[in-house]
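Each value in this text was obtained by applying a stated rule to the coordinates, not by laboratory testing. None of these values were measured; they are calculated from a predicted model. Neighbour counts run over all protein chains shown; Cβ positions are idealised from the backbone, glycine included.
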Amino acid sequence: MLEIRNLHARIAEDGTEIIRGLNLTVKAGEVAAIMGPNGSGKSTLSYILAGREDYEVTEGDILYNGESILDLDPSERAAKGIFLAFQYPMEIPGVATMEFLKVAMNSQRKARGEEPLKIPEFLGRVKTAAASLDMDIGMLKRPLNVGFSGGEKKRAEILQMKLLEPKLCVLDETDSGLDIDALKIVADGVNALRSPDRAVIVITHYQRLLDYIVPDTVHVLYKGQVIKSGGKELALHLEENGYADIIGEAA
Amino acid sequence: MNVHARRQPTAAEAALVDAFVDRMGELPGDGEISSARDNAIEALKEQGLPSRRVEAWHYTDLRTLLRSVAPYDSAAGTNALPPIISGSAIAAVSNGVSLVAPRVDGVEFQKFSEKLSEGSVIGDLAIRDGDDTIGQINAAYVTDGWAVSIAEGIELGAPLELQNIQTRGQGHVRFPVKFGKGAKATVIERQAGGEGDGFSTSISNVTVADDCEITWIILREHSEQSTQLAQFIATIGRNAKLNLYVVNAGGKLVRQEVHVLAQGEGCDFQLRGVNLLGGDSHTDVTMTLGHLVENTTSVEIVRNVVTDRARGVFQGQIKVNKIAQKTDARMACNTLLLSDDGEFDAKPELEIFADDVACGHGATVAEIDGNHLFYLQARGIPESEARGLLIKAFVAEVVEELQDEELVEALEGILDKWLAAHV
C-alpha cells in the first residue's frame, strides 16, 4: 500500500535535511509502528506523508498504491484515503466542529465523485462514531478543538478518522497527553478500524501504546533513516534496553 | 492683512456646492429649515471637503478620494427590497423618496419630508462641529427618510428594517428614531446600492431611553462605483443596552461614523464591526464614544478582511468624563490581510479624565494561519474552500454573538456571498 523509497527531505525555509534516505514498506492490513528517539524525524515523516508544504522532498519517492503522491496537495492525498492524526490538533476558533466534519466528509466524497451526505445520514454517522468513543455530542457544537482537553482533542482526531474512513492512517504520537482510560478508548477506536484493506502507521516514542494497538511490524527511525525493522518484539526490546544498542549497531 | 489664498475647488466640491441652486426648489421645508440648509452649504463652501490635514479625516482624505459626485437621476427609484428576515416591517426610502409606511402596533412612522415641510425638525439639522462634512452635505440636501417613534414598553416581535436604496444617482436621507422607555427591538438599517455610480448620505439619529434593549444592525451592500457617507448618532439612557452592528460588504468609498453618548447610569454600549473589503475600495468606520456618567460599560470589536487593493480605516475614540467613575470600556480591532496591496489603519484614542476606570484597546493584523490551513486541507478540504472557511470563521465569531438564529443565518449568507465573489 505504501512504499517509501530512498526519501530525502528538508525544511523548505532553511534547507535543514531531516529525512536522509528513508526506506519503508507498509502492506494493506498491516499495523506498522515507527519508533525512535526525539529528533529522529518521526513527526516530519508524518507531515511529509500528509503533504505539508513546509518540507521539500529532494530525492526519492513516496508510492501509495503504486502511484507517486509527491505532486498531490494535502486535500488530494486525504481524498485518496491518507489520514494524519495530529500530535497537536489545531484549535480553530469560529469553525464549528459539526460544520467542519460535514465539509470534510463531503469534500472527500466530491473528490471521489460521490453525492454529498444527506443531513440525517451525516448526523447518524456522527452520533454513532461519537458514542463509540464515549464523546459528548454537545462538544461537537463547539468550535473545532477550542477548549478541548488534550484527551478530548485526541478523541476528536480518532472520531474524524472513523468518519472519514481512510485507507492509510498515520497516528502521530497519539498517546502523548492521554491518561490510561483515554488511551484505551483511543486504542479501541483504532483497533476497530483494522481491516485487510487498511494500513495503520503508529508513530510513538513509547512502547505503552503498543500494548493496546499491537503492531505487526516495528521500525526504528534514527537521523532520518530506518535503521532497524522487526516484529512486535523489537518494541519490547527497545522498552527494556532503550535505543542506544540499536543505534550503536547501526553506526 | 488677510492673504488667505482661495483654493480652487475640486470637481467634487464644485458639484456639491453648485447643485444647491438647482435643487433648492425641490427641497422640502421653508423658513428656518431653509436657513439651516443655507448655513450648511455655506459651511461646506467655506471649508471644502476635508483633506488629510483635518485630524478626523486623516486616513480618509475626502478631498482626494472623492473625484466626482454622481448627478441626481430622477429615474433611479425602485421598489422596496424583500427583507433579510421574513416578517420584518419595512420602511423604505429609494432614491431619496420614502415609500409606504408599514403598520406596526405601538410604532409611529412619519415621512421625514413631511417633518421638514412642517418645520418640526430644526434641531435635527444642526451640524455637529467644524469637521462634520457628512452633516453639512446631508443638512443641505436631505429630502426624506423616516421618523420613527416606538412607544414605551413595546417589545417588537419582528425586526424593523429601514431601507435606504440608492441604485445610482444621488440621495440624502435621515432616520430619526426614538425608542420609548423600556422598549425592546431589533432594527436593520439596510444601506443598499445597485450596479451604478451613486452618491448618498444617510444619518440615523437614535434616542435610546431608559431600560431599553436595542439591537441595531447597519448592513451595507453597495457597488464598486458608489460612495456613501453615513452617520449613526445615539444617546443611551439609564440601564439601557444598545448593541450596534456595522457590516460593510461593498461600496467604493464608504465612511460610517458612529457617535454615541452613554449618558444614563448603568447603560451599556456594544459595537461589533465587520468590514469585508475588496477591489479598490476605501472604507472608514469612525467612532466617538462618550462615557458621561458613572457605571457605564462598552465593548467594541471590529473584524476586517482585506483583499485586493482595498483600504480600511477604524478610528475609535473613547472619552471618559471626570465624573464617569467605574467606566469599563474595551476596544479591539483585528484585521485579516489577504493581499500584499491591501491596507488597514487602526487608530484608537482614549481620553480618560476619571481616575477609577478600566479601559483598554488592542489591534492586530495577521494573515491566514498556515497551521490552520494545513489542518483543514489534511482532512480533504481543498485549499480555496479551506481559506474561505477560515476567513468566514474570523468574522463569523462576531456575528454569532447575536442571539437571534435567523439573523445570524442572514448575516452569514451575506458573508458567504461576499467571500464567493472576492476570495
What dipole magnitude, in Debye to the nearest 20, does the protein assembly as shown give about its Cα centre under +1 on Lys/Arg Cβ and -1 on Asp/Glu Cβ? 560
For a test of the definition: using alpha carbon positions, the gyration tensor, and the 1.5 limit on a/c, classify the range B:12-163 as rounded, prolate or oblate. prolate
Residues A:MET105, A:MET35 in order from fewest to most other beta-carbon atoms within 10 Å are A:MET105, A:MET35
Efficiency of FRET from Cβ geometry, B:HIS361 and B:LYS326, R₀ 30 Å, rounded to 0.05: 0.95
List the residues, sorted by chain then number, that are 5 or more residues from B:ASN304 or on another chain and whose placed amide H is less than 5 Å from its amide H. B:ASN275, B:ASN334, B:THR335, B:LEU336
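Quick one: of the DSSP bridges fully inside chain B, what percent are antiparallel, nearest 5?
Counting only bridges with both partners in chain B, antiparallel ones make up about 5 percent.
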Counting pairs of alpha carbon atoms under 8 Å apart in space and at least six apart in sequence, what relative contact order in percent does chain A give? 28
Between the modelled labels at B:GLU401 and B:ALA421 (7 Å from Cα along Cα→Cβ) the distance in nm is 2.6
Modelled FRET efficiency - R0 45 Å, A:LEU123 with A:HIS8, Cβ distances, 0.05 increments: 0.50
Restricting to Cα pairs under 8 Å and 6 or more apart, the percent relative contact order of the range B:3-146 works out to 33
Quick one: dipole size for the range B:74-422, taken about the Cα centre, charges +1 on Lys/Arg Cβ and -1 on Asp/Glu Cβ, in debye to the nearest 20. 520
Sequence-separation-based contact order of the range B:160-229, relative, with Cα cut under 8 Å and 6+ spacing, percent: 41
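Residue by residue through A:91-104, how many Cβ atoms from other chains fall within 10 Å of the Cβ on average?
5
Hey, which of these cross-link pairs are over 22 Å Cα-Cα: A:LYS167/A:LYS223; A:LYS27/A:LYS102; B:LYS115/B:LYS178; A:LYS27/A:LYS80; A:LYS102/A:LYS167? Please report the intermediate quantities before stating the final value.
Details: A:LYS167/A:LYS223 28 Å; A:LYS27/A:LYS102 30 Å; B:LYS115/B:LYS178 15 Å; A:LYS27/A:LYS80 16 Å; A:LYS102/A:LYS167 19 Å.
Where the Cα-Cα span goes over 22 Å, the pairs concerned are A:LYS167/A:LYS223; A:LYS27/A:LYS102.
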Taking 0.36 nm per intervening residue step and subtracting the Cα-Cα distance, what contour gain separates B:ARG6 from B:ARG53 on full extension? 15.3 nm
Long-range amide H partners of B:ILE122, meaning residues 5 or more apart or on another chain whose placed amide H is closer than 5 Å, are none
Likely footprinting exposure, A:LYS118, A:LYS42, fewest C-beta neighbours within 10 Å first: A:LYS118, A:LYS42
Where the Cα atoms of the range A:1-248 are projected onto their three principal axes, how long is each span, largest first, in whole Å? 56, 39, 36
Could you tell me whether chain B comes out rounded, prolate or oblate from its Cα gyration tensor? Rule is a ≥ b ≥ c as square roots of the eigenvalues, rounded for a/c under 1.5, then prolate if a/b exceeds b/c, otherwise oblate. rounded
Going by how many other Cβ atoms sit within 10 Å of their own, how do B:MET331, B:MET24 line up, fewest first? B:MET24, B:MET331
Counting only other chains, and only Cβ atoms inside 10 Å, what mean value do you get across the residues of B:391-402? 3
For the protein assembly as shown, give me the percentage of DSSP beta bridges that are antiparallel, rounded to the nearest 5 percent. 15
